[in-house]
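Asker: Before I ask anything, let me first share the structure, which is written out below as structure tokens.
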Amino acid sequence: MKRVVVTGIGALTAIGNSVPEYLEGLQSGKSGAKPITQFDPELFKTQFACEVTDWDPTHYLDKREIRRLDRYVIMAMYAAEEAMRMAGIKNEDGTTAFELNPDRAGAIVASGIGGLRSLEKEIEDFEGGSGTPRYNPFMIPRMIANMGAGHISMAYNLRGPSYATVSACASGGHALAAAADDIRLGRADLMVTGGAEAVVTKVGIGGFNSMKALSTRNDDMKTASRPYDADRDGFVLGEGAGILVIESLEHAQARGATILAEVAGYAASSDAYHISAPHPEGAGAKIAMENAMKYAGISPAEVDYINTHGTSTPLGDTAELKAIKLAFGEDVYNLNISSTKSMTGHLLGAAAAIESVACILAIQNSFIPPTINHFTDDPNIDPRLNLTFNKAENKTVDVALSNTFGFGGHNSATIFRRFKS
Amino acid sequence: MASIEEKVKQIIVDKLGVDEAEVTSEASFQNDLGADSLDTVELIMEFEKEFDISIPDEQAENIQTVGQAVTYLEGSVDK
């Protein structure tokens, strides 16, 4: 089995449009929530989201290319370029820095929903038309959820495995696991992985609204995403992309790449319980964390930080903490826990990807990102847990675990470790 | 008011992201302007929308250059 290391990361989020900006946002505890600009939300219960703003896709991408792509694909490609430059595959001027063997490199990049915006627009155009079907020929290639992976494989000429994983809000975690397996089993030398999501649209907001999944705190949107707070009232929809360049240790060392962290272990499990509610005792989530530690050969006492799924929903937050307590036993009181969704919102299929980036940044920069927006303790939450409320903490992080769970009861846990040769 | 030719050129510039200078009468969408078959379908749809006409598939297949588009539209659009 090969060891899997991370050599490049890219981030596009409401709290930062690049890795350095994202790091700054995580350290300072920035809220990404703002009024929705992508459509008029006047009639919707929720009128805010963690939108990516002040963002110029042409910084990395060709104008001609952009017009063929859904917003989620543009975001995936943008974050991929940042990651490929950091990995030293591309130079800062966009030229090739390292010639990959194309047959040994691939792209597994997730999206939970895909190009909803493109589909919505075409349906609206059709409904407003004469009834003659006139669908844009790019509708299908914009809409399908695999196109982040597809376009990244084309942009970098990666001829190894490329596809998307779909498990709702856990999609990015499953993508990373699949990509890491390709390297672990020697099927590829380098993989581009992660996720992208962009569904701040009428259907996205309206659909989650009718599930009562979203916060409706329109009068105080900056503090609406408040995981573990007694008054949490749902998640805040985010958008963006997170990309990781991962490769075998041999491959990274042979080309002299800087290693950011090691992908130590990961595991998937299922609740087998309900379409959207989590298992009340966190039964499935516990298995994912336990198996991830087992595969990593890491004991609960060695974990310094858990980046939770923690979406700020009444049921989900407490069920996850129960699962964490079951998986970690008494060691749970010696580690830090936080939900960075309090800052970025919930990026659905890209959540695991940007939260993996947060874990890697925590290891590199020796800090715990905070759970911001904490006002009132929830009596149902064990006060002895260190949920890193409101302020980042300086702390050496050698091992960080990232949880993500999706509608359908899909769970994924990934462990990153400081690299030691 | 812009002529049909001007409108056609503007649509091509917008949709294919090319410089206006490249959009000559002889320029072929696929051979000279970097379009693929999907771009060509999209261009036809944009012409239909702009000029409020319907271009049958068999006619659309014969529209491969800027000049062919302008000629076809000048013959079909009510002035």
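Every read-out reported here was derived from the displayed coordinates using simple, explicitly stated rules and does not represent laboratory data. Treat the numbers as computed from the prediction; the structure is a model and nothing was measured. Using ideal geometry, Cβ is built from the backbone for each residue, glycine included, and neighbour counts are taken over all protein chains shown.
Asker: Please compute the length gained on full extension between residue A:21 and residue A:275, using 0.36 nm multiplied by the number of residues separating them and subtracting their Cα-Cα distance. Don't skip to the end; give the middle numbers.
Answerer: Details: separation 254, 0.36 × 254 = 91.44 nm, distance 3.56 nm.
Contour length minus Cα-Cα distance gives 87.9 nm.
Asker: Now, a different point. Between the stretch A:283-306 and the stretch A:48-79, how many Å separate their Cα centres?
Answerer: That distance is 35 Å.
Asker: When ranked by the protection proxy of mean other Cβ atoms within 10 Å per residue, highest first, what sequence do the peptides A:95-103, A:406-414 form?
Answerer: A:406-414, A:95-103
Asker: Counting pairs of alpha carbon atoms under 8 Å apart in space and at least six apart in sequence, what relative contact order in percent does chain A give?
Answerer: 23 percent
Asker: Then there is this: Per residue of A:60-69, how many C-beta atoms from partner chains lie within 10 Å of its own C-beta, taken as a mean?
Answerer: Rounded to a whole number, the mean comes out at 2.
Asker: Moving to a separate point now. I need the fraction of alpha carbon pairs in the stretch A:269-417 separated by more than 22 Å, rounded to a whole percent.
Answerer: Within the stretch A:269-417, distances greater than 22 Å cover 31 percent of Cα pairs.
Asker: Right, here's the next one. Run the simple label-point estimate for residue A:58 and residue A:421 please: 7 Å along Cα→C-beta, distance reported in nm.
Answerer: The modelled label-to-label distance comes out at 4.4 nm.
Asker: Below 22 Å, Cα to Cα, which lysines can residue A:395 reach? Residues fewer than 8 away in the same chain don't count.
Answerer: A:30, A:325, A:341, A:420
Asker: Report the calculated FRET efficiency for residue A:99 and residue A:130 (r = Cβ-Cβ distance, R0 = 45 Å), to the nearest 0.05.
Answerer: Details: r = 53 Å, r/R0 = 1.17.
With a Förster radius of 45 Å, E is 0.30.
Asker: For the stretch A:314-373 and the stretch A:261-281, compute the distance between their C-alpha centroids and round to whole Å.
Answerer: 14 Å
Asker: Same structure again: Compute the Cα gyration tensor for the stretch B:4-78, then decide on rounded, prolate or oblate, letting a ≥ b ≥ c be the square roots of its eigenvalues: rounded whenever a/c is under 1.5, prolate when a/b is larger than b/c in the other cases, and oblate in all that remain.
Answerer: prolate
Asker: So in chain A, what percent of DSSP beta bridges are antiparallel if you round to the nearest 5?
Answerer: Roughly 70 percent of the beta bridges in chain A run antiparallel, per DSSP.
Asker: Let me ask something else. Can you tell me, using C-alpha contacts under 8 Å and at least 6 residues apart, the relative contact order of chain B as a whole percent?
Answerer: Details: 68 pairs, mean separation 27.9, N = 79.
35 percent.
Asker: Still on this structure: So which lysines pass the test for residue A:45, namely a Cα distance under 19 Å, with those fewer than 8 places away in the same chain ruled out?
Answerer: A:34, A:202, A:212, A:222
Asker: Using Cα pairs under 8 angstrom and six or more residues apart, how large is the relative contact order of the stretch A:88-216, in percent?
Answerer: 36 percent
Asker: Return, ordered by residue number, the residues of the stretch A:48-76 whose backbone nitrogen is under 11 Å from a label point located 7 Å along Cα→Cβ of residue A:37.
Answerer: Label zone hits: A:51-56.
Asker: How far apart, in nanometres, would the label points at residue A:377 and residue A:301 be if each is projected 7 angstrom from Cα along the Cα-to-Cβ direction?
Answerer: 2.8 nm
Asker: Ranking request for peptides A:104-115, A:9-20, A:53-64: highest mean number of other beta-carbon atoms within 10 Å first, then the rest in descending order.
Answerer: My ranking of the peptides, most packed first, is A:104-115, A:9-20, A:53-64.
Asker: If packing is taken as the average number of other Cβ atoms within 10 Å across a peptide's residues, how do B:59-71, A:316-328 rank, most packed first?
Answerer: The most tightly packed comes first, giving A:316-328, B:59-71.
Asker: Determine which lysines satisfy two conditions relative to residue B:7: a Cα distance under 19 Å, and not lying fewer than 8 residues away in the same chain.
Answerer: Within the straight-line cut-off, residue B:7 pairs with B:15, B:49, B:79.
Asker: Further, regarding this structure: Return, ordered by residue number, the residues of the stretch B:1-26 whose backbone nitrogen is under 11 Å from a label point located 7 Å along Cα→Cβ of residue B:50.
Answerer: Counting backbone N atoms under 11 Å from the label point, the list is B:2-16.
Asker: In addition: Would you tell me the mean number of C-beta atoms belonging to other protein chains that fall within 10 Å of each C-beta in A:132-138, as a whole number?
Answerer: Across A:132-138, the average partner-chain Cβ count within 10 Å equals 4.
Asker: Something else: In whole Å, what is the distance between the alpha-carbon centres of the stretch A:233-256 and the stretch B:27-62?
Answerer: So the two Cα centres are separated by 40 Å.
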